[in-house]
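**Q** What follows is a single structure, and I will ask about it in a moment.
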């Protein structure tokens, strides 16, 4: 396929690929116009509508229920459901919202009943816990439908949990609203909004890199692909640099102490949980952590920087939706821009420089991530990240990223 046709085809394929996997060139993996309510179900009795309304009322009022320690009481008054497979009769987008509400109530329930003071206490507690059937059954079943883990993951907390106050304007840190939170604090909202705006901002870079990778596969004469690949990588860098600048704004409105004392503990899913009415075998899952975002997994895959030898990374993919995970895993199986650069970069410094700018973004992102973890977590005596890994491991990820920078060959010394 010639260059012009290959590029047109790559553009069409990538748009279709993103749409198939519930992503888009404009929003990336951030849900576009997420469903924020569950509609009454036709051909079902009023009990299901009452159940939906009770879930919605509880999650809308969650910070107050948590402060007043009324989560257990609220769950006890949820209408009884005889058929927990009702979610099969609502749309996929509504299933995500249903799981969002079930997940955030689950984490709130454990915080109330176990009275954890810090995230570290949650991570260390290995006792057996029981999740009541009213939450356990629907959470477990809808998670199976979405092909994800029955926990309150990054996907549910960030990608499907926002609204845009002014619909006539673009998403920005001034024009985004967190729908449900644990604490109701500006600190928590800012923490999540940063991630949400990052997801939107990084979308063009994801699209450019996917197009470059598809283009490389489609074109007949690979060497002729270099100019297009360079342009796509350079365009991606612009979006990635903006993304990093947003990440660096985390400290502006999220206080270190508030995050550590009041917010972070809600993110952890406790160990050894029995899902009542589902299984008597205790289960241990992760809770919410940024390591579950599909955008970074996709970029690392496309750049040939994916640390597949570290079990944590494939494990984090399980916390994505089945649609997003499938896209990430398709890039791991097929498309790798680094291989192209290795093959044709030896005589093309522009190609190497363009790739290095992308790899440098990952290096800088890792450095900023470690810096934030130090200020928000390590400073208060905790040595593990929200995902459960030692903070020192983040430093090793930074070194791992640096190893992918392509250094120019040493200059030859001509002897006289």
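The values are calculated or read from the model by the stated rules, or taken from the named source; none is laboratory data. What you see is a predicted model, and the numbers here were worked out from it, not measured in a lab. Note: ideal-geometry Cβ built from the backbone for every residue, glycine included; neighbour counts use all protein chains shown.
**Q** If I go through the range 183-202 residue by residue, how many of them are part of a loop (DSSP other than H, G, I, E, B) and either in the same structural domain as residue 235 (by TED's automatic domain parsing) or crowded, with 22+ Cβ neighbours inside 10 Å (or both)?
**A** Selection size over the range 183-202: 1.
**Q** Follow-up question, since we're still on this one. So is residue 314 free of Cβ contacts under 8 Å to residues at least 24 places away in the same chain and either crowded, with 21+ Cβ neighbours inside 10 Å or not assigned by TED's automatic domain parsing to the domain that holds residue 156 (or both) or not?
**A** yes
**Q** Quick one: in the range 226-263, of everything that is free of Cβ contacts under 8 Å to residues at least 40 places away in the same chain and touching a helix residue (DSSP H, G or I) at 6+ places or on another chain (Cβ under 7 Å), which residue is nearest to residue 11 (Cα to Cα)?
**A** 232
**Q** Any residue at all in the range 29-49 that is under 29 Å from the mean Cα position of the chain (by Cα), on the phi > 0 side of the Ramachandran plot and not assigned by TED's automatic domain parsing to the domain that holds residue 161?
**A** yes
**Q** Can you pull out the residues in the range 1-23 that are in a helix (DSSP H, G or I) and loosely packed, with under 13 Cβ neighbours inside 10 Å?
**A** Across the range 1-23, the qualifying residues are 4, 5, 12, 16, 19, 20.
Residue by residue, here is whether (1) modelled with pLDDT of 95 or more; (2) out of contact with any strand residue (DSSP E or B) (no Cβ under 6 Å at 6 or more places or on another chain); (3) crowded, with 16+ Cβ neighbours inside 10 Å holds:
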| position | (1), (2), (3) |
| --- | --- |
| 72 | yes, yes, no |
| 77 | no, yes, no |
| 85 | no, yes, no |
| 110 | yes, yes, yes |
| 127 | yes, yes, no |
| 130 | yes, no, no |
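**Q** Only one residue in 164, 194, 198 is in contact with a helix residue (DSSP H, G or I) (Cβ under 8 Å, 6 or more places away or on another chain) and farther than 29 Å from residue 271 by Cβ, so which one is that?
**A** It is 198.
**Q** Looking at (1) under 14 Å from residue 33 (Cα atoms); (2) touching a helix residue (DSSP H, G or I) at 6+ places or on another chain (Cβ under 7 Å), which one does residue 185 not meet, given that it meets all the others?
**A** (1)
**Q** When residues of the range 71-116 are filtered for being touching a helix residue (DSSP H, G or I) at 6+ places or on another chain (Cβ under 8 Å), under 19 Å from residue 152 (Cβ atoms) and in a loop (DSSP other than H, G, I, E, B), how many remain?
**A** The number of residues fulfilling the criteria is 2.
**Q** Another question, then. The conditions are (1) surrounded by fewer than 22 Cβ atoms within 10 Å (Cβ to Cβ); (2) more than 20 Å from residue 36 (Cβ to Cβ), and residue 165 fails exactly one of them. Which is it?
**A** With (1) surrounded by fewer than 22 Cβ atoms within 10 Å (Cβ to Cβ); (2) more than 20 Å from residue 36 (Cβ to Cβ) applied to residue 165, the lone miss is (2).
**Q** For the range 368-391, does any single residue satisfy the condition of being touching a strand residue (DSSP E or B) at 6+ places or on another chain (Cβ under 9 Å), surrounded by fewer than 18 Cβ atoms within 10 Å (Cβ to Cβ) and not in a loop (DSSP other than H, G, I, E, B)?
**A** Yes, the conditions are met somewhere in the range 368-391.
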